[in-house]
Amino acid sequence: MGTGPLSFADVVAVARGYAVVELSAEAEQEITASRKVIEALAGDDQPHYGVSTGFGALATRHIPVELRAQLQRSLIRSHAAGSGPEVETEVVRAMLLLRLSTLATGRTGVRLQVARTYAAMLNARITPVVREYGSLGCSGDLAPLAHCALAATGEGTVRVGPAGNEVPAREALDNAGIEPLVLAEKEGLALINGTDGMLGMLVLAGADLHSLLKTADLTAAMSVEAQLGTDAVFAADLQKLRPHPGQAASAANLRALLANSAIMESHRGPDCTRVQDAYSLRCSPQVHGAARDTLSHAEAVAERELASAIDNPVVTIDGRVESNGNFHGAPVAYAADFLAIVVADLASIAERRTDRFLDVARSRGLPAFLANDPGVDSGHMIAQYTQAAIVSELKRLAAPASVDSIPSSAMQEDHVSMGWSAARKLRRAIDGLRRVLAIELLTGARALDLRAPLSPAPATAAVVAGLRDHVPGPGSDRFLAPEIEAAVDYVASGAAVRAAETVTGPLQ
């Protein structure tokens, strides 16, 4: 890790893959140089925020030298005030990494020991226990980051490894040979004034959505194919008439997935009366494409945030120590809210495609609810109910968090971003989208099987074959919930997309 920005792949590799972190010589030099600036101010008679003053609305209090270590310790203890469910390990690891990335820029004024301790905790797989509620997204993710800093000082609790038991932080540090931090001037602030939690969640959400957008094209292709829809609308020349890049990519995927389908060929002749399909089939590239383009915007925001050194105050390149407002989470909050809207709409169109399979008036010859013996069997009737319930929840989660500011700190922090909340609900929304797409895949696979003896496209056939390793084909009603979960795992692991790509090559 140097003084420059991390990549999205770096964040995912450390957060999910437990990749090892090492500070570069350049980063260590910058950290050491900026610490000298802070130490030079420590004995100054003039007040310097975070060095010789209190914090927030208490910034007018001058703190004598003998109380400054207590000042930093008290800051972390008091700000570690989270409550509620435990935050996922991958999110906490992303937070630790991104805070370390800012420390590595040399703009925060911490001692080298602080940065090395965070790197050592990541490499020892020590994950502080962080609670869901507590961040207003300004000044940064204070409470979540304070729980991380508290663990570095040997207080609070942590987990070790992917599924470790909750243990005292001091015990975990001792077992890993890590000396607990005793924070010096400015260091408490430097460890909590950042957007690292919301940014980490945005980066992880982007990684998930790249896979789910390909999955959405896959499940849409299965729906178009099994419902005897037309693929003529996906032609490249038609897509070029509206040159949005995401739309072109989605349509190209649909063409590749539907290539050489005997089912599609079975109704291409002059007797075909299907002039155009319902919007949920015909407009899939437009919706999926707009989602891609919105993700591109969100990732541009995340990329700029990864290149940022966020702290308050900061040590500038020319050696000044300046207060600022760069910790405000608005850019990240807006991006997370935009993506929650996208996720809700992707799920909504997928649920509509699924519903068409189940209605004999619209499914073009398929049995009611894809049931083996309609009336005796209910088929996938209630699987669609599950989709509908999730889609309804996603619409609620699409309401933006970033428009809701609640003043705090005696009106010193009178406008906050709620970016942490925006990112938290985005994670829940992505889980819902994954489940909605899995049910469309499960239903589409059943419908394709019911079109026998006509055979599907080689790509969609490969996806069905992969699913059949875990879920049997059509038949009398079975306990459906485990089959839905198997489909969710098939999607979440990326195996469904990989099965298609064995035929199509890499999808866009």
With a 1.4 Å probe and all protein chains left in place, how much accessible area per residue does the stretch 387-508 have, in Å²?
42
In the chain, lysine pairs with alpha-carbon atoms under 23 angstrom apart (chain gap of 8 or more, or interchain):
5
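So how strong a dipole does the stretch 352-419 carry about its Cα centre when Lys and Arg Cβ are +1 and Asp and Glu Cβ are -1, to the nearest 20 debye? Walk me through the intermediate numbers first.
Working: 7 positive and 8 negative charges, 93 e Å.
The dipole of the stretch 352-419 has a size of about 440 debye.
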Shape of the stretch 238-289 from its Cα gyration tensor (a ≥ b ≥ c, root eigenvalues): rounded if a/c is under 1.5, otherwise prolate when a/b > b/c, or oblate?
prolate
Computed over the chain, the relative contact order (Cα-Cα under 8 Å, seq sep at least six) in percent reads 17
Along the charge dipole of the stretch 376-508, Cβ charges K/R +1 and D/E -1, which of Leu480, Gln384, Val416 sits furthest on the positive end?
Gln384
Which value, to two decimals, describes the C-alpha radius of gyration of the stretch 278-431 once divided by 2.2 N^0.38 Å?
1.49
Compactness relative to 2.2 N^0.38 Å, alpha carbon Rg of the chain:
1.13
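Rounded, prolate or oblate: which fits the stretch 125-280, taking a ≥ b ≥ c as square roots of the Cα gyration tensor eigenvalues, rounded meaning a/c under 1.5, else prolate when a/b beats b/c? Can you show the working numbers first?
On the way: a/c = 4.83, a/b = 3.08, b/c = 1.57.
Taking the square roots of the gyration eigenvalues as a ≥ b ≥ c, the stretch 125-280 is prolate.
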Tell me the Kirkwood radius of the stretch 57-108: reciprocal of the mean inverse pair distance over distinct alpha-carbon atoms, in Å.
14.0
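Please label the shape of the stretch 202-270 as rounded, prolate or oblate, based on the square roots a ≥ b ≥ c of the eigenvalues of the alpha-carbon gyration tensor (a/c under 1.5 means rounded; beyond that, a/b larger than b/c means prolate, else oblate). List each step's numbers first, then the result.
Details: a/c = 3.48, a/b = 1.62, b/c = 2.15.
Oblate shape, in that a/c is at least 1.5 and b/c is the bigger or equal ratio.
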Give me the Å³ per residue figure for the convex hull around the C-alpha atoms of the stretch 440-508.
85
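Jot down the per residue volume, in cubic angstrom and as a whole number, of the convex hull over the alpha-carbon atoms of the stretch 83-185.
On the way: hull volume 9.8 nm³, N = 103.
Output value, Cα hull per residue: 95 Å³.
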First obtain the Kirkwood hydrodynamic radius of the stretch 260-308 from its Cα pairs, then insert it into the Stokes-Einstein equation at 20 °C and 1.002 mPa s, and state the resulting D in µm² per second as a whole number.
151
Inter-site label distance for Ala259 and Glu39 at 7 Å from Cα along Cβ, in nm:
6.4
Quick one: what are the phi-derived ³J(HN,Hα) couplings along the stretch 284-292, Karplus 6.51/-1.76/1.60 with θ = phi - 60°, whole Hz, x for glycine and proline?
4, x, 5, 6, 4, x, 4, 5, 4
Mind checking the alpha-carbon convex hull of the stretch 398-480 and giving the volume per residue in Å³?
146
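The values are calculated or read from the model by the stated rules, or taken from the named source; none is laboratory data. Everything quoted here is computed from the prediction, not taken from an experiment. Neighbour counts are summed over all protein chains in view; Cβ atoms, including those assigned to glycine, are modelled from backbone coordinates with ideal geometry. These area figures cover heavy atoms from the full protein model, side chains too; ligands, DNA and RNA do not enter into them. Shrake-Rupley method; radii C 1.70, N 1.55, O 1.52, S 1.80 Å.
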